[in-house]
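Visitor: Dropping a structure here in structure tokens format, bear with me for questions.
Values quoted throughout were computed directly from the atomic coordinates according to the rules given, and no laboratory measurement underlies them. Note that the structure is predicted; figures quoted are calculated from it, not measured. Positions of Cβ are generated from backbone atoms using ideal geometry, with glycine treated the same way; all protein chains shown enter the neighbour counts.
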Amino acid sequence: MHGFDSLLKPSTFPTVYYGTRPRSPLGALWAAASSLGVWAASYGIDEARFCEHILARGEARLVYAPGKVAGILAQLSEFLRGQRTRFEVRVDWRDMTPFQIAVRKAVMAVPYGQTASYGDIAAAVGKPRAPRAVGGVQASNPIAFIIPCHRIIAADGGLGGYGGPEGLKIKARLLAFEAKRARRV
């Protein structure tokens with residue numbers, strides 16, 4: 001299947017390189033990047049679903065090139081092993097609305113091992129009456145872990161939602177994992 005779309009998409013679309021690291025605590029890790037930065041990241045899905053995930057961001061020419069995303073995959077692996085609390089990558093913000101970008105940047109500012117509510121993020125982006133809209137943005141987060149939507153919870157302390165594979169079970173696991181390691185720092 002590798003790179004089948006590269007033959008179908010016009011050259012005006014950005015080239016997005018993708019690859020996998022087949023073993024992690026959450027199954028296969030996937031990453032995709034353009035020349036501007038990370039385009040998508042996910043876990044626990046197969047290649048066909050990840051390609052759909054990439055294209056949900058916007059039209060792109062897909063090229064299977066694990067070497068082009070090896071650094072991103074290494075950082076994702078380190079994060080899941082508890083060896084990384086911050087990512088050192090650029091994000092490609094193309095095809096996102098200004099509101100989506102603002103929300104996702106605010107989510108990225110939530111420190112490792114901490115949480116914020118959807119309302120906190122709404123207030124941080126100047127839309128204090130829009131926590132549901134924040135939830136909607138996070139439900140379609142294309143870049144797992146790097147944009148740590150698992151750190152965003154309901155105002156009452158409940159988990160809220162989580163769009164990743166296995167949903168709230170993984171969200172709870174990630175929050176507990178980070179909280180435990182953050183106490184050691």
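Visitor: Show which aspartates and glutamates lie in cross-link reach of K171 when reach means a straight Cα distance below 19 angstrom and same-chain residues fewer than eight apart are skipped.
Guide: Straight-line reach from K171, under 19 Å: E78, D120, D156.
Visitor: Assuming 1.306 mPa s and 10 °C, estimate D for the range 9-64 with Stokes-Einstein, Rh taken as the Kirkwood radius over Cα pairs, in µm²/s.
Guide: Working: Rh = 11.3 Å.
Value of D from the Cα-based Kirkwood radius: 140 µm²/s.
Visitor: Give the lysines whose C-alpha is closer than 17 Å to that of K68, dropping any in the same chain fewer than 8 places away, or say none.
Guide: Cross-link targets: none qualify.
Visitor: Taking the alpha-carbon distance from K127 and a cut-off under 23 Å, which lysines remain once sequence neighbours fewer than 8 residues away in the same chain are dropped?
Guide: Partners found: K105.
Visitor: Further question: Between L62, F99, A116, whose Cα lies farthest towards the positive end of the dipole of the chain when Lys and Arg beta carbons carry +1 and Asp and Glu beta carbons carry -1, centred on the Cα centre?
Guide: The residue sitting most towards the positive pole is A116.
Visitor: Taking only Cα atoms, what is the 0 to 90° angle, nearest 10, from helix 98-108's long axis to the longest principal axis of the chain?
Guide: Between helix and principal axis, roughly 70 degrees.
Visitor: Determine the calculated [θ] at 222 nm for the chain from helices alone, applying -39500 (n - 2.57) to every DSSP H run no shorter than 4 residues and normalising by the residue count; nearest 500 deg cm²/dmol. Can you show the working numbers first?
Guide: Details: 6 runs with 67 residues, N = 185.
So the helix-based figure for the chain works out to -11000 deg cm²/dmol.
Visitor: Okay, next question. Taking 22 Å as R0, compute the FRET efficiency from the Cβ-Cβ separation of K180 and L159 and round it to 0.05.
Guide: On the way: r = 17 Å, r/R0 = 0.77.
In this case the efficiency is close to 0.85.
Visitor: OK, next. Is the range 47-141 rounded, prolate or oblate when judged by the Cα gyration tensor, a ≥ b ≥ c being the square roots of its eigenvalues, rounded requiring a/c under 1.5 and prolate requiring a/b larger than b/c?
Guide: Numbers: a/c = 2.42, a/b = 1.35, b/c = 1.79.
Here the range 47-141 falls in the oblate category.
Visitor: Which shape class applies to the range 43-100: rounded if a/c is under 1.5, otherwise prolate when a/b exceeds b/c and oblate if not, where a ≥ b ≥ c are the square roots of the Cα gyration tensor eigenvalues? All intermediate terms of the calculation are to be shown ahead of the outcome.
Guide: Values: a/c = 1.86, a/b = 1.29, b/c = 1.44.
Judged from the Cα gyration tensor, the range 43-100 comes out oblate (a/c at least 1.5, b/c at or above a/b).
Visitor: Sticking with this one: Does anyone have the angle between helix 70-80 and the longest principal axis of the chain? Alpha-carbon axes, 0 to 90°, nearest 10?
Guide: So the inclination is approximately 30 degrees.
Visitor: In addition: Using DSSP loop states and a limit of at most 14 other Cβ atoms within 10 Å to flag trypsin sites (Lys or Arg not before Pro), what is the longest stretch of the chain containing no flagged site? Don't jump to the answer; show the numbers that get you there.
Guide: Working: sites that count: R23, R81, R86, R90, R94, R129.
The longest such stretch corresponds to 24-80.
Visitor: With θ taken as phi - 60° and the coefficients 6.51, -1.76 and 1.60, list the Karplus ³J(HN,Hα) couplings across the range 162-173 in order, rounded to whole Hz; mark glycine and proline as x.
Guide: Each residue's phi maps through the Karplus curve to give 7, x, x, x, 6, x, 5, 4, 6, 4, 4, 5 Hz.
Visitor: Taking the 0 to 90 degree range and rounding to the nearest ten, how far is the long axis of helix 47-57 tilted relative to the main principal axis of the chain, both from C-alpha atoms?
Guide: Once rounded, one gets 70 degrees.
Visitor: Pull up all non-local amide H partners of I153: gap of 5 or more, or a different chain, and H-to-H distance under 5 Å with H placed in the peptide plane.
Guide: Correct list: A116, S117, Y118.
Visitor: With the cut-off at 1.5 for a/c, could you classify the chain from its C-alpha gyration tensor as rounded, prolate or oblate?
Guide: Numbers: a/c = 1.99, a/b = 1.37, b/c = 1.45.
Judged from the Cα gyration tensor, the chain comes out oblate (a/c at least 1.5, b/c at or above a/b).
Visitor: At 0.36 nm per residue, and after removing the present C-alpha to C-alpha distance, how many nm does the segment from E88 to R23 gain when stretched out fully? Could the numbers behind the result be given before it?
Guide: Values: separation 65, 0.36 × 65 = 23.40 nm, distance 2.15 nm.
Here the answer is 21.3 nm.
Visitor: Out of the GluC sites (Glu not before Pro) in the range 51-139, which ones are loop residues according to DSSP with at most 15 other C-beta atoms within 10 Å? Before the final figure, lay out each step's value.
Guide: On the way: sites: E52, E59, E78, E88; in loops: E59, E88.
Sites meeting the loop and neighbour criteria: E59, E88.
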